[in-house]
Structures are given as structure tokens and as C-alpha cells.
Amino acid sequence: MSTATRIVRRPAVADPLPLHTSALANRLLAARGVTESDALDFSLGSLPTPESLTGIDVAVTRLLQARNTGEHILVVGDYDCDGATSTVVALSGLTSLGFSSLDYLVPNRFDMGYGLSPAIVDCACDSNRGAKKPDLILTVDNGVASVDGVERARECGIDVVVTDHHLPPAVLPRAVAIVNPNMPDATFPSGNLAGVGVMFYVLLALRGELKRRGDRHANTQLAALLDLVAIGTVADVVPLDSVNRVLVEQGLRRMRAGYSRPGVQALLRVAGRSIEQTTSADIGFTLGPRLNAAGRLADMRAGIECLLSADESTALRLALELDALNRSRRLIEQDMRSDADQQLQQLSAEGALGGVPTFATVLFDPAWHQGVIGILAGRLKEQLHRPAVVFTADGDTGIKGSARSIPGVHIRDVLQAIVAHRPGLLEKFGGHAMAAGMSLPRARLAEFSEAFETEVSRVLQGKLPAREWCTDGALDAAERTLDNALMLQWLMPWGQGLPIPMFDDVFDVHDSRIVGSGHLKLRVQDAAAGGAVVDAIAFNCQDALQAGDRVRLVYSLSVNTWRERQSLQLLVNYLELDAALA
């Protein structure tokens, strides 16, 4: 069943407020609901104070007690980029505030799974680990749902302070304190902090209490951690509300000024990115994948140690290791995508995608890599524009799956509905609107596939939604300039909830060719206004275009730098060739 594609234009805002000297900028900001006069104030002084974060006073008191009595604190993180940066922010920040007995532990996704589980508590207490048994566990980017793990810690005589940003379950763990902007009684003005943002706010509260006590560490410059806060926030794809925009923009400014830590600079260099030109897109497409590769294929320790390193040569060695892991991840992903394409072709031949409506895609291969199935599910979701679940083997009789969804289908709610109708089908599951994970017996895969298809179909009311490209409308040929591309590049830290400006216009193709590993390079001219011929590129696109073709492009303005020379380039997200346009 094919999915229609349509271009939807954001409604124009009449007489947008003059927040910027550029009329184009004002139009784009207004269309995104950015209408306050201080919207472009990215000063740290504009951030809300930490006092309104539920549980933060108790957390600060318990942490300072541990510092003052010399207790050993174990930071338990997560194996993704937000978890890694949260761990480093906790370790670096606490050290700068006078904490001396610190260690960290991050579960291996293949052995222990996510979060503060009983298994990782047992590992922390294992004398063979070669580290001290903790007196206090501090979770970062996890813990709010770790009921069993916190109970095991209590049995072992270990207190737990939770810092997390995920939605809390109905039953909370019995931790000493839970700091989470999404608690039911939360009054903090942003529920969109990433895990690294929550930990940064705990450090701000600690420093504030030290100031009140006249402690010599009260003048610690926590702003030195903002490069990590920016990386974790963008990589975790949380909405860039007013609080996160400040945190990200301040972190990016430090990175561009060369004030980021050696590991961050090394990662940018091995990826061939300009430190001075770093944007939020570089975090999303360069830093995030390299740090995540460690947790996907091996152990997140390499990523954490890279970010912790103060030595440039050590940081570079670890950055090269992470880059190699990321290249390995790409090769594994390519093989998995090839296998998935074969399965899809078989399903099509059987009629599942050939005329018979299907609303979801469920694929399984016992050889697929557990650390990469989430990426493959995301690729399939984009390719087919329908919710996708990818399974691989988990032991001899189990399977583990990762799901990605489309707008309009809350994937965790779908799984919850399946559990309600078929108790026991899923052994474990969790997630949020767009992504989820689950495990079940291999023998029940067909039953799950049927249940998943049925529930997604019900949610969509039997009709697949069209794939939509939301644009800011047409852009005058006179506005397609390098100056405007540069202005937009630095205007905002674009990202989730604050999408980069995209436009749609009709162009005549002057010439086209395939470059690199399957990218379409074009030179186009405005079909209506004529004017200058402009370079354009569509990544991972091999559509055959000829000189004289007329195409509609959905594109953004980008800056192409070649041998220190900057030029305008249209970054094409979608193109359609239609005789009706001629």
C-alpha cells in the first residue's frame, strides 16, 4: 500500500514582531511561535533557577552529606549520548564542587539492559569489580522507573538519588530523592530537559547551597560543562524550548570559541568538521552518532573516557576509536538494510505490501545486531512511512525488538493496548511516543505481528496518513543568498520543536550528477523568476534527472565551504518531478 506525499505550508503570521533586523527571520520565528521580545536572549541569566525542581533540596542535602563525610558515590548512567554526557557532567561537576570519592558504572546493553537494575547494583557491590562498594548511588538519565533496582540497593545498605527526565510510572522507586521535571507535582517551567540538563541543574543547586554556606568551591564555573549539556540535549532529540535553547546555544558558543573539552574537539576533528562553525546539526549528525556507536556496538566507557580526558593525545586516540566504531556501525547497518529489503520484497510478493493495506512493518532476523535494530527501525519508518518494529534474537528462545513510529501513532500506547488485550504477550516493554523497546518469546512473533498491525490500524482508523513535508512556503529568488544562509545558520539552535526553515519552490534543472556514495548534485534555476543558477544537493538520492527537467524542491539554505570559500547551496529534503510542472 503506497503512501501519498504532500507539501504543507505553515500558516503565515500577519505583521510578525520585529525581533530581528531581517524580515525573513521575523517571518520564520513567528511561524514557530517565537514571538517574545526576549526570544533571542540566550544569556544564562535568563534561565529559571533550580529551586522549583521537585526533590532537588533533598538531593542536594544528601549529596553534600556524602561529600562532607567522605562517602563513596557511584554515578550510574545510560549507554546513549545523553547518558554519557550526563555521566561526565556529574563526575566533572561534582569534582569541581569538592567531591573526591567518585566512580561511574554504565550497564552494557547486551548484558544488563537499561537503567538501575538489580543486576547493576549487584555488579556495583561485587568485590571482584576492583572498585569500592558505593555508599550512595546517583543515577543520571535513568532511575525514575527503577523500582527493583532501588530496592536491591536498599537491601545492600546503599542510598539512591535519582536524576532523570523520563515520564514517571505509576509506582515510583523508594529513592532518597527523585529530581525530574516531569514529576506529577512539578512546577519547573520546562519538562523538556534532557537527562544532562537535569544533572546540570542539580549542580547549580549544589553550588547555590555552597554559596550560602560560604564554601570555597562556591565560585566554580559550571558554564565549562555547557558543551556537554548542548551535546546531550540535541542528541536526545528533546524539544528546544526556551530553556533548552539557552543551554544549547551557550554550549555551541563555547564550542565555536574553542573552549570545549579536548574530547569534543577531537571528535569534531576526526569527523572533518570545523570547530569554529559548529552547529546543532553537527551535534545531531556528527558527535551524537560517534558517541552512541560505543554504546551500540561495545561499551559506553570509551565515549565517557573520551569526554573526561584532559589530555589531547588520549582524547584523539579515543575519538579515533569511536570514529572506527561508527564506521563499523554503518557497515553493519548497510548489511541489515540489505537483508530487510529482501524481506520487504518477499512480503510484497506475498501481497502484504502489494495492494493489501498494511499499517505497520514487523521484521525479524536472528543475526541482526541488537545495538543497531533501533536505527534500522527508524530507517524503515522513514522509507515506508508507517510504524516499524525490528526484532533480533535474545538468547535461545527470546527476541528483542525496537520500534519507531510516525506522527499520530503513540507507540508506547500501542504496546500498552496490546498488553491489555493479550496479557503475557510482551515480557517487557517501555518507551514513549516515537520510540519503544520490547521483548517476547520467539514463538509468539506472529501473534505479536498480528496484534501490532491490528492496533496500529485501529489508531489510524484504517487509513495511512500522507507523508507531510511542512515548509515555510516559497522563498523569493532574491532571498536565496549566502548572507541569508549564514544568518539562519546562527539565528537559532535549530532542532526538535524548532525545525530548521524549509521552503518549497519550482526549479528548472540545468544539470545533475551522482557524487560520493549515492548523492544527487544539481544546479537549478528558479522556474518563475529566473535569476542565478544555484547549487543544490540531495543526500542519499539517486533519482535520474536531466537538463531541462522541472522539479519542485523542499529545501533549506545551507553554506557550502570548499577550500575556505563559502557559497550558497540548497540542501534538498524532497523532490518531485512532474510533467504538470513543466
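The values are calculated or read from the model by the stated rules, or taken from the named source; none is laboratory data. Every value quoted in this text rests on a predicted model; they were computed, and no experiment measured them. Every residue, glycine as well, gets a Cβ built from its backbone with ideal geometry; the counts of neighbours run over all protein chains shown. When the accessible area is computed, the model is the full protein with side chains, heavy atoms only, and any ligands, DNA or RNA have been set aside. Shrake-Rupley method; radii C 1.70, N 1.55, O 1.52, S 1.80 Å.
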(request) Specify the angular offset, from 0 to 90 degrees and rounded to the nearest 10, of the alpha carbon long axis of helix 195-213 from the longest principal axis of the alpha carbons in the chain. (result) 40 degrees
(request) Compute the long axis of helix 411-421 from its Cα atoms, compare it with the longest principal axis of the Cα atoms of the chain, and write down the angle in degrees, 0 to 90, nearest 10. (result) 70 degrees
(message) What is the angle, in °, between the Cα long axis of helix 288-297 and the longest principal axis of the Cα atoms in the chain? Nearest 10 is fine, range 0 to 90.
(response) 60 degrees
(request) State which stretch of the chain is the longest one without any exposed GluC sites (Glu not before Pro), exposure meaning a DSSP loop state and at most 11 other Cβ atoms within 10 Å. (result) 1-349
(request) Treat every Asp and Glu Cβ in the chain as -1 and every Lys and Arg Cβ as +1, leave all other atoms uncharged, and give the resulting dipole magnitude about the Cα centre to the nearest 20 debye. (result) 460 debye
(request) Quote to one decimal, in nm, the extra length available between ALA532 and VAL147 on full extension: 0.36 nm per residue of separation minus the C-alpha distance between them. (result) 132.4 nm
(request) Using only the Cα atoms of the range 1-76, build the gyration tensor, take square roots of its eigenvalues as a ≥ b ≥ c, and label the shape rounded, prolate or oblate: rounded if a/c is under 1.5, else prolate if a/b is larger than b/c, else oblate. (result) oblate
(request) Compute the separation of the alpha-carbon centres of the range 2-35 and the range 451-513 and state it in Å as a whole number. (result) 12 Å
(request) Return the distance in nm (one decimal) between the two label points of a simple spin-label model at ASP126 and ALA466, each offset 7 Å from Cα along Cα→Cβ. (result) 5.6 nm
(message) I want to check the label-to-label distance for ARG523 and ALA119. Put each point 7 Å from Cα in the C-beta direction and report it in nm to one decimal.
(response) 5.8 nm
(request) Round to a whole angstrom and tell me the spacing of the C-alpha centers of the range 87-119 and the range 148-166. (result) 13 Å
(message) At 7 Å along Cα-to-Cβ for each site, give me the label-to-label distance between PHE110 and SER46 in nm.
(response) 4.6 nm
(request) Using the heavy atoms of the protein chains and a 1.4 angstrom probe, tell me the accessible area per residue for the range 273-346 in square angstrom. (result) 47 Å²
(message) Which of the three applies to the range 1-135, rounded, prolate or oblate, going by the alpha-carbon gyration tensor with a ≥ b ≥ c and a/c under 1.5 meaning rounded?
(response) oblate
(request) Enumerate lysine pairs in the chain that are 8 or more residues apart or on different chains, then count those whose Cα atoms are under 23 Å apart. (result) 4
(request) Calculate one ³J(HN,Hα) per residue across the range 128-140 by plugging θ = phi - 60° into the Karplus curve 6.51 cos²θ - 1.76 cosθ + 1.60, and present them in order as whole Hz with x for glycine and proline. (result) 6, 6, x, 9, 5, 5, x, 8, 9, 9, 10, 8, 10
(request) Measure off, as a whole percent, the carbon and sulfur share of the 1.4 Å-probe accessible area of the range 1-98, all protein chains present. (result) 53 percent
(message) Taking R0 as 35 Å, what FRET efficiency do you get between VAL515 and GLU276 from their Cβ-Cβ distance, rounded to the nearest 0.05?
(response) 0.85
(request) For every other residue with a beta carbon closer than 12 angstrom to the beta carbon of GLU447, add +1 if it is Lys or Arg and -1 if Asp or Glu, then tell me the sum. (result) +1
(message) Amide H of PHE364 versus every other amide H placed in the peptide plane: which residues, excluding those fewer than 5 positions away on the same chain, fall under 5 Å?
(response) PHE391
(message) What are the ³J(HN,Hα) couplings of the range 389-406, residue after residue, when phi is run through the Karplus curve with 6.51, -1.76, 1.60 and θ = phi - 60°? Round to Hz, x for glycine and proline.
(response) 10, 10, 10, 9, 5, 9, x, 6, 10, x, 9, 10, x, 10, 10, 9, 10, 10
(message) Given a 1.4 angstrom probe, I'd like the percentage of the accessible area of the range 402-524 that is carbon and sulfur, rounded to a whole number.
(response) 53 percent
(request) Match the structure shown to one of the listed values (i) 40, 32, 22; (ii) 43, 35, 25; (iii) 42, 27, 24 of semi-axes √(5λ) of the Cα gyration tensor in Å, computed from it, and give that label. (result) (i)
(request) Would you mind pulling out the separation of the Cα centroids of the range 50-80 and the range 352-411, in Å? (result) 38 Å
(request) For the range 498-513, take each phi angle, set θ = phi - 60°, evaluate the Karplus expression 6.51 cos²θ - 1.76 cosθ + 1.60, and give the result in whole Hz per residue in order, putting x for glycine and proline. (result) 9, x, 4, x, 10, 10, 9, 8, 9, 10, 9, 7, 8, 6, 8, 7
